[in-house]
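Trainee: Okay, here's the structure, questions in a sec.
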Amino acid sequence: STIDSAFFETDLLTTIRLRNSVTELDNTFRDMDTVTTFEVDDTDGIGYYDVNGILYHYDILEDETVKTLVKCPEGNKFTGTYTAESGTNIIGENAFYGQTLLEAVYLPESVYKVSSHAFYSCTALHGVYFYGKPPVSLPNNTFLNCPSDLILYYIEGTEGWTDPWKGYDTEPFLAKDPVTGDVNGDSIVDTTDIQILIRIFAGWLRRYSDYLKPILNINAVLDLNKDGFFNSKDVMILNRYLNGWEGFSQYFD
């Protein structure tokens with residue numbers, strides 16, 4: 001039920017599989033820089049679970065559900081953007097520790113707490129997009145060793161946000177209905193979108209960030225196969241769709 005510091009200074013493990021009996025993890029266990037994937041046995045609703053290798057936790061406290069993003073494994077360097085699962089309430093301590101290629105994170109309206117060192121050493125992170133009100137908890141060390149030009153984005157008109165907010169620069173972004181694959185926002189999916197998509201995947205996200213600022217649900221545009229990530233699979237899907245490959249129109253219905 002409990003894993004304490006059993007794996008301290010272990011530097012070869014890549015996949016950690018948890019039984020559903022595990023109820024408590026030590027922090028050092030979560031911060032191993034070689035782990036690329038968490039796998040959790042099926043649960044009955046309460047406890048740890050994984051979403052495409054990322055570790056989450058679900059609990060019920062005082063009749064309220066609490067969903068925590070526990071750990072995005074440091075050994076799996078996510079390129080570009082990541083959108084936390086719908087209903088997530090807490091971004092855990094060290095959750096994105098050492099994700100040096102992560103450039104933008106989208107947090108659902110339900111997030112009310114971002115824990116200490118949650119984005120420590122995310123050295124490419126330029127934007128965190130909040131769908132809702134400011135979190136009630138965001139320690140001073142949350143974005144330690146992140147770029148100095150980091151911006152916290154919020155939906156225009158949301159109460160509670162100021163510029164700056166807790167010492168961080170903020171900017172509003174407009175919410176608009178996304179069109180799957182329409183990266184440049186002209187409501188047409190064409191070769192221009194695949195060119196931009198390829199460049200974003202290649203690490204040019206900052207150059208094209210103005211295209212993405214107005215988009216409320218970034219996954220609806222970039223994560224074409226809805227697996228929780230924007231990666232080469234999504235680029236392949238759009239490319240084959242535009243080239244008329246059979247079976248790929250299903251991603252754009």
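Yes or no, residue by residue, for (1) in a strand (DSSP E or B); (2) of a type in the set (S, T, N, Q):
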{"position": "Tyr129", "(1), (2)": "yes, no"}
{"position": "Pro134", "(1), (2)": "no, no"}
{"position": "Ser148", "(1), (2)": "no, yes"}
{"position": "Thr162", "(1), (2)": "no, yes"}
{"position": "Val179", "(1), (2)": "no, no"}
{"position": "Ser187", "(1), (2)": "no, yes"}
{"position": "Ile194", "(1), (2)": "no, no"}
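Trainee: While we're looking at this one, here's another question. Does at least one position in the stretch 182-202 carry a residue that is polar (S, T, N, Q), open to solvent by 60 Å² or more (accessible area, probe 1.4 Å), modelled with pLDDT under 85 and on the phi > 0 side of the Ramachandran plot?
Mentor: yes
Trainee: Follow-up question, since we're still on this one. Determine, yes or no, whether Thr65 is more than 21 Å from Phe201 (Cα to Cα), in contact (Cβ under 8 Å) with a residue 60 or more places away in the chain and either surrounded by fewer than 18 Cβ atoms within 10 Å (Cβ to Cβ) or among the charged types (D, E, K, R) (or both).
Mentor: no
Trainee: Taking Thr158 as the residue in question, decide whether it is part of a loop (DSSP other than H, G, I, E, B), surrounded by 14 or more Cβ atoms within 10 Å (Cβ to Cβ) and free of Cβ contacts under 8 Å to residues at least 40 places away in the same chain.
Mentor: yes
Trainee: Ok, one more. Sort out for me the helices (runs of 4 or more DSSP H) sitting completely within the stretch 209-253 that have 1 or more residues that are surrounded by fewer than 16 Cβ atoms within 10 Å (Cβ to Cβ) and modelled with pLDDT under 70.
Mentor: 209-212
Trainee: Please go through the stretch 88-123 and pick out each residue that is open to solvent by 10 Å² or more (accessible area, probe 1.4 Å), among the hydrophobic types (A, V, I, L, M, F, W, C) and either more than 22 Å from Glu64 (Cβ to Cβ) or over 13 Å from the mean Cα position of the chain (by Cα) (or both).
Mentor: Listed by number, the list holds a single entry, Leu101.
Trainee: So Pro178 ticks every box in (1) in contact with a strand residue (DSSP E or B) (Cβ under 7 Å, 6 or more places away or on another chain); (2) modelled with pLDDT under 85; (3) under 29 Å from Pro139 (Cα atoms) but one. Which box is left unticked?
Mentor: (3)
The values are calculated or read from the model by the stated rules, or taken from the named source; none is laboratory data. Bear in mind that the values here come from a model prediction, so they are computed numbers and not experimental data. Because the Cβ atoms are built from the backbone with ideal geometry, glycine has one as well, and the counts that use them run over all protein chains shown. Note: areas computed on protein heavy atoms with side chains; ligands, DNA, RNA excluded. Shrake-Rupley method; radii C 1.70, N 1.55, O 1.52, S 1.80 Å.
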